[in-house]
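Novice: Pasting in a structure now, in structure tokens, and then I'll have a few things to ask.
The values are calculated or read from the model by the stated rules, or taken from the named source; none is laboratory data. Keep in mind that this is a model prediction, so the values were computed, not measured. We place every Cβ from the backbone using ideal geometry, glycine too, and count neighbours over all the protein chains shown. Just the protein is used for accessible areas: all its heavy atoms, side chains included, with ligands, DNA and RNA removed. Shrake-Rupley method; radii C 1.70, N 1.55, O 1.52, S 1.80 Å.
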Amino acid sequence: MMNYLRFKHFNLFCCIFPSAVGIQKASLERSEEDMEIDSTRTNSIEEEDFSASTLIEKANRNLGKRLDEPLVMFGDIAVNTGFMNADPCTAHTCKWPKSSNGNVYVPYVISNQYSPRERSVIEGGLQTFAASTCVRFFPRTNQRDFVDIQSLSGCYSYVGRQKNGQVVSLNRNGCVHLSVVQHELLHALGFNHEHSRIDRDSHVQILTQNILPGMESNFDKVDTINLGTPYDYNSVMQYSRFAFSKNNQPTILPIPDNNAVIGQATQMSPMDILRINRLYKCCK
Ligand SMILES: [Zn+2]
């Protein structure tokens, strides 16, 4: 069922650059489908167990300050020391290069820390990008820049292409899930969190009084380039309403409809896919 939806939306979102009308039509269509799916969902913490948001937050709860690992900000974004401004690099310098055949080849290495099953979950996640975009993850041979997937402390990634090998941490305990693999690789491709969008205040309200002390920076806004796409509560990059809550009260409230479901994506949304296709100009 989900594969069917993904391919259906691929056709809708990739082969042509949809006009504003196209986006509206597609959004409506999606919301009808989502109504079916969402009828079984609630906004309770318990029901969010398999969303990217909850899995990442859980896995990163005890993220240590190991000196041999990068500084992690915004929940799961690694930053080089001195590189504190999260990145409008997304549309320019940190994109992965496009090959003459129109595909974007991203070399990867997967650590031998993983079991065969874990490795297949990770590889399966990487392959989903090829199903709906022009991004092709492939095993590195001798390329300079590559994603270096390892089980370090928690789930995190740099945003966009860095020089040489860039660590994407997918801890064996909690990060090896399709949604998390897609989420972290979306960071590596250059994408930020949905709730960090420059226009997020029109779509969500951040309830700072409920945020765990010290975690406020996870809710900072970034000067994102939104590629003409609307805010998407169903993005795999959207954190849940209880993210980093100190008191089980919401930290992210959708507006104007406070009851809208947010941050429960278990895989990339059609809008996530559209953004990849737009950023990397996948459509000829
Ligand atoms: Zn993230």
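Novice: Quick check on VAL181: is it touching a residue at least 40 places away in the same chain (Cβ under 8 Å) and not in a loop (DSSP other than H, G, I, E, B)? Working first, answer last.
Specialist: Values: touching a residue at least 40 places away in the same chain (Cβ under 8 Å): yes; not in a loop (DSSP other than H, G, I, E, B): yes.
Here the answer is yes, as VAL181 does meet what is asked.
Novice: Let me ask another. Please enumerate the residues belonging to region 165-208 that are open to solvent by 10 Å² or more (accessible area, probe 1.4 Å), of a type in the set (S, T, N, Q), within 16 Å of the ligand (Cβ to nearest atom) and more than 18 Å from ARG278 (Cβ to Cβ).
Specialist: Within region 165-208, just ASN171 meets the criteria.
Novice: (1) more than 11 Å from the chain's Cα centre (by Cα); (2) of a type in the set (Gly, Ala, Ser); (3) part of a loop (DSSP other than H, G, I, E, B): which one isn't true of SER235, the others all being true?
Specialist: Just one mismatch for SER235, condition (1).
Novice: Looking only at strands (runs of 3 or more DSSP E) that lie completely in region 100-150, which have at least 2 residues being in contact with a Ser or Thr (Cβ under 8 Å, 6 or more places away or on another chain)?
Specialist: Details: elements: 104-110, 135-139, 146-150.
Fully inside region 100-150 and qualifying: 104-110, 146-150.
Novice: Select from region 235-247 the residues that are over 14 Å from LYS58 (Cα atoms) and either hydroxyl-bearing (Ser, Thr, Tyr) or surrounded by fewer than 24 Cβ atoms within 10 Å (Cβ to Cβ) (or both) and list them in ascending order.
Specialist: SER235, ASN247
Novice: Still on this structure: Any residue at all in region 114-122 that is within 15 Å of the ligand (Cβ to nearest atom), in contact (Cβ under 8 Å) with a residue 12 or more places away in the chain and open to solvent by less than 20 Å² (accessible area, probe 1.4 Å)? So that I can check it myself, show each step before the final result.
Specialist: Restricting attention to region 114-122, the residues satisfying the condition of being within 15 Å of the ligand (Cβ to nearest atom) are none.
No, region 114-122 contains no residue that is within 15 Å of the ligand (Cβ to nearest atom), in contact (Cβ under 8 Å) with a residue 12 or more places away in the chain and open to solvent by less than 20 Å² (accessible area, probe 1.4 Å).
Novice: Quick test for you: out of HIS193, HIS203, HIS183, pick the one residue that is at pLDDT below 95 and not basic (Lys, Arg). Even if it seems obvious, please write down each step before you answer.
Specialist: Numbers: HIS203 fails: at pLDDT below 95; HIS183 fails: at pLDDT below 95.
Matching residue, one of HIS193, HIS203, HIS183: HIS193.
Novice: Among the numbered criteria (1) away from the ligand (no atom under 16 Å from the Cβ); (2) part of a loop (DSSP other than H, G, I, E, B); (3) under 20 Å from PHE129 (Cβ atoms), which one does PRO213 miss?
Specialist: Of the numbered conditions (1) away from the ligand (no atom under 16 Å from the Cβ); (2) part of a loop (DSSP other than H, G, I, E, B); (3) under 20 Å from PHE129 (Cβ atoms), the odd one out for PRO213 is (3).
Novice: What is the one condition in (1) in a helix (DSSP H, G or I); (2) over 20 Å from GLY160 (Cα atoms) that GLN264 does not satisfy?
Specialist: Single failed check for GLN264: (1).
Novice: Considering only region 115-147, how many residues are over 17 Å from the mean Cα position of the chain (by Cα) and within 24 Å of ALA59 (Cβ to Cβ)?
Specialist: So the count comes out to 7.
Novice: Also, I was wondering about something else. Of the residues in region 225-244, how many are among the small types (Gly, Ala, Ser) and modelled with pLDDT of 95 or more? Let's see the steps before the verdict.
Specialist: Step one: list which residues in region 225-244 are among the small types (Gly, Ala, Ser), which gives 228, 235, 240, 243.
Now restrict to residues that are modelled with pLDDT of 95 or more: 235.
Within region 225-244, residues that are among the small types (Gly, Ala, Ser) and modelled with pLDDT of 95 or more number 1.
Novice: Follow-up. Please determine whether any residue of region 209-218 is crowded, with 21+ Cβ neighbours inside 10 Å and among the charged types (D, E, K, R).
Specialist: As a first pass, look at region 209-218 and keep what is crowded, with 21+ Cβ neighbours inside 10 Å: 211, 218.
Now narrow it down to the ones that are among the charged types (D, E, K, R): none.
No: zero hits.
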